Structure formats: C-alpha cells, structure tokens
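Note sheet for the following structure.
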C-alpha cells in the first residue's frame, strides 16, 4: 500500500490556483497510490476562515482515499488551539501542517510549540515545510523537536535543495524527527537517510497535485532501497503514523 | 536524440549518460579549486575531444578574474556560476566576457543570480542566447516561479533548463505560455540524477511528442550546438 503524505487542496483566486480534491485523487490513481494526505495552501483562521471545512469536505467527497492535515496559523493563541482541537477531535484530521514562510512564526516560538504539543496530545504529527528559507531550515525546526520530544515532527521536503544534509544530521540528533521526501530532488539522499536513520523514519510524499506523485514514487524507487525499506517508506510508515492518532 | 544541456566534467560522466540513454551533452568544468579556469577548461576540452560525437565543451570563467575575457576567446559557449564563483550576474564587469556565444547561467541563487538579475544581463545583450538553469529559480516553495516567468516574458533571448524543477505545472506553464522552444532538458549531473530528471519531461502529461522532442534535444542542438557539424 502506497500512501502519499503531502498533497494540497485549495482555492486561491488571488494566485489563480485551484487545486481540487478530484485532481489529487486522479493523480493518485495515475501513480497507483491508495491514499493521500491533503492540506490547504493557506492557514486558518487567516487568511481563510473556512480552511478546515474546505479540507473536511474534500475528504468526505472521496471516502477512504484522503486524510486531512490542518494548516493553522500559530499567532492566534487560544483560537488556534481551538481550531486544532476541532480539526482532530471533531473532524477526524490526522495532523498539523505548518509553513513558517506563510506565517512568519518561528518553529520553536512559544505559539508554535503550543500547537505542536496540542497535536501530540492526540499522537498527531506536525508536518513542517522544511526547505532553504529562514524559519524553515532543519536546525530551526530541530529546536522544536528538542522542545517537544513527545511530538512526531515531519520535515517536509527534507531540507529542500540545499539543506538535505542538515536535515539528516538533525534527525540523527532528534529521534522524534521524520524526513519526508516530496520535491527534494536527490534519490541518493533518500538512500542515505534510510541508511543513517532507519527506514522507519523516512516518509514518501509528492507535494501534489502540482507535482507528480508518479514521478515522486519513481524517485523513491531510484534510491535502490531493499524491498522491506521501500515498503516502509512508500506506505507503512505513513499508515503507522496516521493510525496512531486518537 | 536526447541532449543533456548541462553536465559537469567528473569521472563517470559517459557512463551516467549511457545509463540514462542520453546521446549528447554540454560539459562544463566543476568549480576550480587550487587552479584557475584556464586549466579546468583545458581539461574539459581534452575530455570532450575523446568523445567528439557526444560531448561539447563550454568554457567556465570567473568574470572578475584578471584577463577573464581573453581566457574564453573561441569557446563554443560559456558557463557562469555566480554563487560558486562569487560575483553578481548583472555586475557590469560580466559584460566583458559575453561575446555572442550562448551563456549558461547557474540561476536561482539568492543575491547573485535571481531570475530578474539574469534578465538584466540578457537585456543588455539581446543578440546572445542566455540559458538559465533550474527553471531560472531554485526554491522548494516555488517562490521564485513568478520572477522566472517575468524574466522569460521580458527577454526573448532567455531560455530555461529543466534541472531540478519539481513543479510539473511550472514546466507546463513555461511551454504553454512561451512555447516548447524556451525549455531545455538538463540534469546538471552529478548534482541531479538524469534518470529522475528525464522523467520530468518524458512523463509530463501536457507535452505532446513535438514538444518532448524539442525539450529533450532539438532546442539544445539549435541553440547550443549550432556550430557543430557532428
């Protein structure tokens, strides 16, 4: 079973972007992927007060195919936490997604840590955009991992173009960090991550539907992992993480 | 025919091209350490002369180095890496090394080779073809894509390479808006893996056969290998 741990559903007229749930499912089908995790591009409560509903409706339209992560802006204090509680407790979301470029909130800032801990109380992971921009680098997010040792923190894009070595180094130091492969362009680094961290800590994702889930699966296969490791990376790890949420 | 429009001269280059099914390649020196680019360029020329039907050398230069312009006279094309060689691509001193042959620019690096900075240089030399690596942007959030499109729109003498561009919608947008002749397949081997980079073109659902042929090879033959009889 293959699970794509990072796809987007959103409708942002200002950018001309319309990423529909149907697009995600079509691209999952093209790649032979059973299930995908979807999230918005922008955050609740700002700039989209309806971001949770948008994702909940997307998942409801494709039962059994889509799981939900909640993008929540950390600045809104009690309101942010309440949104997360509603997402996981009432709407069945499976995780928190944070993109500090859009929120200008440091990964280890108190507002952010509060959200990460609230997610972890449900055993829900926090997926960070982890690339080359300030506020998103592996060592910045590692500060959050150190502050929240009980939280599973996923480094989406595992460091982007120029911070992949840092991502693997950070994950070696913090056992609650998991690396996620989407968009990161180096198959050999997936293999290195598996060798240094263990296959249980590397997670396939595509960042679709604008990125190709099919190509992203092939990227994992080009890493040349053994069959057991490949099975974990492509699906079993995501299933384990999603099933743990309560 | 498949042409890799950017590779670097390291051991294993020909084997990597064979493994990916690539017919021909533009070859550039990697960053010179302990010697100048005159020596590095000679080494690349020697490598390519051993495979004249497959490898085409482009000369690399640090435009701020003394005598830079004289070092690249007669080159088939130029390769500039503002990040590794520490200069701003639109620095006026870069003008001296641009003499009409195609110029590949390592693009998308902050402060020194942003798409709009490359566009400034391209605007000053409208008769020269400029080739921006990485889709003219290298950002895992896609934050550089708009400037890349603005640069393509402003400079008809600018084309972009596919190297490392994970966003399928961006590649399709370049072709849809500017035509397949503005996009070139490149792997930047060994930085990226040609087996993966090729798929970005070969598996893109929106490209028809003619677009694929142009992106994978015909554009490079026309723009980069044009003085080549092989």
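Miscellaneous remarks
- Listed residues A:178, A:202, A:81, most fluctuating in chain A (Gaussian network, C-alpha, under 10 Å): A:81
- Gain on full stretching of the segment that runs from residue A:192 to residue A:226 - 0.36 nm per residue minus C-alpha separation: 11.0 nm
- With a Förster radius of 41 Å applied to the C-beta separation of residue B:202 and residue A:240, the computed FRET efficiency comes to 0.75.
- Residues in the range A:52-89 that a label on residue A:117 would reach, taking backbone N under 17 Å of a point 7 Å out along Cα→Cβ: A:74-85
- Highest GNM mean-square fluctuation among B:136, B:180, B:154, for chain B modelled with Cα contacts below 10 Å: B:154.
- In this label model, residue A:147 and residue B:64 are separated by 3.8 nm, measuring between points 7 Å along each Cα→Cβ vector.
- Residue ranges A:232-239, B:122-129, A:154-161 sort as A:154-161, A:232-239, B:122-129 when ordered by packing (mean number of other C-beta atoms within 10 Å per residue, highest first).
- Divided by 2.2 N^0.38 Å, where N counts the residues, the Cα radius of gyration of the range A:1-119 comes to 1.04.
- Once C-alpha pairs closer than 8 Å and six or more residues apart are averaged by separation and normalised to the residue number of chain A, the relative contact order reads 19 percent.
- Considering helices alone, the calculated mean residue ellipticity of chain B at 222 nm is -9000 deg cm²/dmol, with DSSP H runs of length four and up weighted by -39500 (n - 2.57) and normalised per residue.
- Shape category assigned to the range A:92-175 from the gyration tensor of Cα positions, a/c cut at 1.5: prolate
- With contributions of -39500 (n - 2.57) from each DSSP H run of at least four residues, the per-residue ellipticity at 222 nm computed over chain A stands at -11000 deg cm²/dmol.
- Cα gyration tensor, the range B:148-199 - rounded (a/c under 1.5), prolate or oblate: prolate
- Residue A:47 paired with residue A:200, simple spin-label distance in nm, labels 7 Å along Cα-to-beta-carbon: 4.1
- Binned Cα-Cα distance frequencies in the range B:169-230 - 10 Å width, integer %: 22, 51, 25, 2
- Inter-chain neighbour count for A:130-139: the average number of beta-carbon atoms from partner chains within 10 Å of each residue's beta-carbon is 2.
- Counting only other chain Cβ atoms within 10 Å of each residue's Cβ, the peptide A:183-190 averages 4.
- Counting Cβ atoms of other protein chains within 10 Å of each Cβ in B:138-151 and taking the mean gives 4.
- Averaging 1/r over every pair of different alpha carbons in the range B:1-82 and inverting the result gives a Kirkwood radius of 13.0 Å.
- Rg/Rg_ref, the protein assembly as shown, where Rg_ref = 2.2 N^0.38 Å and atoms are Cα: 1.00
- Computed over the range B:3-223, Kirkwood Rh from alpha-carbon pairs, angstrom: 17.2
- Mean projected area (nm²) of the alpha-carbon convex hull when the range A:128-246 is viewed from all directions: 7.0
- Tail weight of P(r) past 18 Å, computed on alpha-carbon pairs of the range B:125-230, percent: 44
- Based on Cα contacts under 8 Å between residues 6+ apart, the range B:113-230 shows a relative contact order of 21 percent.
- With contacts taken as Cα pairs under 8 Å and at least 6 residues apart, the range B:1-143 reaches a relative contact order of 16 percent.
- Square roots of five times the Cα gyration tensor eigenvalues for chain A, Å: 24, 21, 16
- Cα gyration tensor category, rounded, prolate or oblate, for the range A:5-73 with a/c compared to 1.5: prolate
None of the figures in this text is laboratory data; all of them are computed from the coordinates on show. All values reported here derive from a predicted model rather than from experimental measurement. Note that each Cβ is placed from the backbone with ideal geometry, even for glycine, and that neighbours are counted across all protein chains shown.
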